[in-house]
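No value in this document is a laboratory result; all are computed from the given coordinates. Please read these numbers as outputs of a predicted model, since none were measured by experiment. Every residue, glycine among them, receives a Cβ derived from its backbone with ideal geometry; neighbour counts consider all protein chains shown.
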């Protein structure tokens, strides 16, 4: 379990690390690393590998919104029933059950404001369990998944020091 | 302009110029160099520590502190040393906050050395001890350590160098430049000689947190050694705080008091902002520090595996963030190797002889660099070796 945790800590920040390099870093055999990663993929501990992209640099017009959703929990399934239903929409990037003044935090990607507005008014708000929604559009992204979007500084250390 | 050199004191003139100066000038003029020649972390000081400094400034902490340093920092250091090495120091009179370990080295040399006293310096060694001894009118006596001993100080080598004027033994493990560490049994083997010859030990433990696959052992924790040891440590390496210049000395109150006497007239006190940041590092910095240490350990293994792949012989360093591989297969001197490597492959490493004559035939490579830079630098060193290997 400790080895798997160490592997996850490494690839959480850099999914492209090769099993060979991970093996060197952790002082393990490459085969052990390959097997551990495969087990975690099979067990759905590792669900997939995303790329962190600064779309602004691609002059992309996409829009992202975080939607606070209040829902009525259902008998037997509680919040899970409605949450799982919301997950099925392809425009939904993530769904979290939250503590505090609302229940579900839903992150949605769309091509433009109109598309997200349409999703909220036609698909999300119309679900029986949904009581209300508050939509917040993302204006600028500064940091995602530990990656800061501004360009990193050059290494300013002295080239040689004792 | 007429020369003013005649006014410079003879003792300063007697100190040889830094062995890395020429090489620094060469490397810093070149563009696109991958440097494995740095001697400091590649992390920025963790944010919570920097933030503690901002807070201190906002609150108006811009005044002098006591000569000893902030009492709350000394209390925290006492707790830290008790936790880490099991030795208790009184925050009141057995701990002195200094401008990095470098100042502490200078102070302790000046506090203890009578003209002509000898300071035993195991080499290869960090560059400040021998000049520190000389500037205090002492004599630095190099003690050899060897690659085949994994650069641990051996009692027989120490004994060879003892004279009636021997007064101080320097121990600086984990070692810059070799990455060597001393296990408890290695230190224990030195005790008879130290006690029989009434030596004071100055142990520079600045890299103590960067000990891999085990825990650091301090000679101050061994029987009979607490009072004859002056322990130096600081925040530069473990907490990535090189530029803050905060270090400290722990030891018997008579010695700390003597050091304080010099410190109060030459320095007054370490900067209060740095001391406040250091306090935050000790109180809440363990988690971030452990992450940095893990990261160094990963890169240590990558560099070692890379040297193995290119057929470069290197003993496994167990501490600090340096490898010290042999370059003897090229038949070149360390300086020649470093200059040619820089010129032909644009990779900067430090000649081993800059750390003492027994470092000849080796180079210091720092793995506090990005993984991609380590891999690229090692690959270029491989090409270089293929062209220049003699045997």
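Numbers for the structure displayed
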{"item": "Segment B:82-150: projected area of the alpha-carbon convex hull, averaged over directions, in nm²", "result": "6.3"}
{"item": "Least to most buried among B:363, A:107, B:201 (fewest other Cβ within 10 Å first)", "result": "A:107, B:201, B:363"}
{"item": "Distance in nm between pseudo-label sites at residue B:389 and residue B:261 (7 Å out along the Cβ direction from Cα)", "result": "6.0"}
{"item": "Cα coordinate range in the protein assembly as shown, projected on the principal axes (Å, largest first)", "result": "93, 60, 57"}
{"item": "Helix axis angle, B:371-388 relative to chain B longest principal axis, alpha carbon, degrees", "result": "50"}
{"item": "Largest-first principal axis extents of the Cα set of segment B:128-283 (Å)", "result": "46, 38, 28"}
{"item": "Counting DSSP beta bridges with both ends in the protein assembly as shown, the antiparallel % (nearest 5)", "result": "65"}
{"item": "Between segment A:94-118 and segment B:114-172, the Cα center-to-center distance that results, in Å", "result": "67"}
{"item": "Relative pair counts by distance (%), Cα atoms of segment B:1-89, 5 Å bins", "result": "2, 8, 8, 9, 11, 11, 12, 18, 13, 5, 1, 0"}
{"item": "FRET efficiency, residue A:31 to residue B:291 (Cβ-Cβ, R0 30 Å, nearest 0.05)", "result": "0.65"}
{"item": "Inter-site label distance for residue B:343 and residue B:67 at 7 Å from Cα along Cβ, in nm", "result": "5.3"}
{"item": "Chain B, Cα convex hull volume normalised per residue, Å³", "result": "160"}
{"item": "Whole-Å semi-axes of the ellipsoid equivalent to segment A:2-42 (Cα gyration tensor, √5λ, descending)", "result": "13, 12, 9"}
{"item": "Set of segment B:114-130 residues, backbone N closer than 12 Å to the point 7 Å along the Cα-Cβ line of residue B:197", "result": "B:118-122"}
{"item": "For segment B:208-315: span of alpha carbons on each principal axis (Å, largest first)", "result": "53, 36, 25"}
{"item": "With eigenvalues of the C-alpha gyration tensor scaled by 5 and rooted, segment A:80-162, Å", "result": "39, 15, 11"}
{"item": "Order of B:262, A:33 under a 10 Å beta carbon neighbour criterion, fewest first", "result": "B:262, A:33"}
{"item": "Order of B:187, B:169, B:112, A:17 - criterion: other Cβ atoms within 10 Å of each residue's Cβ, fewest first", "result": "A:17, B:112, B:187, B:169"}
{"item": "Calculated FRET value between residue A:107 and residue A:155, using beta carbons and R₀ = 30 Å, to 0.05", "result": "0.30"}
{"item": "Helix B:100-112 vs. chain B, principal-axis angle (Cα, 0 to 90°, nearest 10)", "result": "60"}
{"item": "By average C-beta atoms within 10 angstrom, highest first, the peptides A:121-128, B:175-182", "result": "B:175-182, A:121-128"}
{"item": "Order by protection proxy (mean Cβ within 10 Å, highest first), peptides B:310-320, B:326-336, B:364-374", "result": "B:364-374, B:310-320, B:326-336"}
{"item": "Cα-Cα pairs of chain A separated by more than 23 Å (percent)", "result": "58"}
{"item": "Principal-axis tilt of helix B:286-309 within chain B, Cα atoms, nearest 10 degrees", "result": "20"}
